[in-house]
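Scroll down for the structure; my scribbles are underneath it.
The values are calculated or read from the model by the stated rules, or taken from the named source; none is laboratory data. These figures come from a predicted structure and were not determined experimentally. Neighbour counts are summed over all protein chains in view; Cβ atoms, including those assigned to glycine, are modelled from backbone coordinates with ideal geometry.
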Amino acid sequence: MTKAPAAEELTGVAGWAVGLMESLGGPGAALVVGLDNLFPPLPSELVLPLAGFAAGRGTFGLGSALFWTTFGSVAGAVVGYLLGRRLGHDRTRRLVSRLPLVDARDFDRTAAWFARHGGKAVFLGRMIPLFRSFVSVPAGVERMPFGRFLLFTTAGSLVWNTAFVGAGYLLGEHWHRVEGYASIFQYVVFAAIAAGAGVFVVRRIRARRPG
């Protein structure tokens, strides 16, 4: 069995993240996780177990790791929410309607669905790869009450962060195993998205063919 590298041997994103956490402590973990919300290529499935690993090494306590990573998640989500509010419903509708194979009615249906299920969408969206980085934007576009947005965002982020930070804390230098299992889940999500997009495109092309 190959042993995972110690913190001193970590390179790339992992080494940078652990180094930042060890330099800044909890706020460093918040910064790394906040960036995950703004830049999806920096995956929480990698960052959060590293925060647990750093907590296990005594960089900060487990409770502190959960607090700061959740704080970072919420802070990053608020940026997306404010961006959505800045764009607004009408401007976003015009932008979306210019996309190929998409018309304004698609946006209207999505907006109506979000108005009915926005709380659940934000809560569950915080636990779905890729969506977690973008679900805050439609919440801002549809002007979900900020207090309600914070509540569901914090709750969803805390569940997700507890699972991954806790796993990294318990696994220690074998934290990388978490990423492997998370990647499987991520591939399933991406496959479902691709299948749904494929069905949407086929139906829209058929609908636009002359009868």
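Data overview
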read-out: Flag if S23 is over 24 Å from F149 (Cα atoms), modelled with pLDDT of 80 or more and among the hydroxyl-bearing types (S, T, Y); value: yes
read-out: Matching residues in segment 120-138 - criterion: being at pLDDT 80 or above, buried (at least 18 other Cβ atoms within 10 Å of the Cβ) and in a helix (DSSP H, G or I); value: A121, V122, F123, G125, S136, V137, P138
read-out: Scan of segment 129-175 for residues that are within 24 Å of L95 (Cβ to Cβ) and among the small types (G, A, S), ordered by number; value: S133, S136, A139, G140
read-out: Residue count, segment 135-149 (criterion: more than 11 Å from L83 (Cβ to Cβ) and of a type in the set (S, T, Y)); value: 0
read-out: Pair list, Cβ under 8 Å, 6 or more apart: segment 55-84 residue part of a loop (DSSP other than H, G, I, E, B), other residue buried (at least 24 other Cβ atoms within 10 Å of the Cβ); value: T59/M21; F60/M21; F60/A29; F60/A54; F60/W68; G61/A55
read-out: Members of segment 36-86 found to be surrounded by fewer than 23 Cβ atoms within 10 Å (Cβ to Cβ), polar (S, T, N, Q) and modelled with pLDDT under 85, listed by number; value: T59
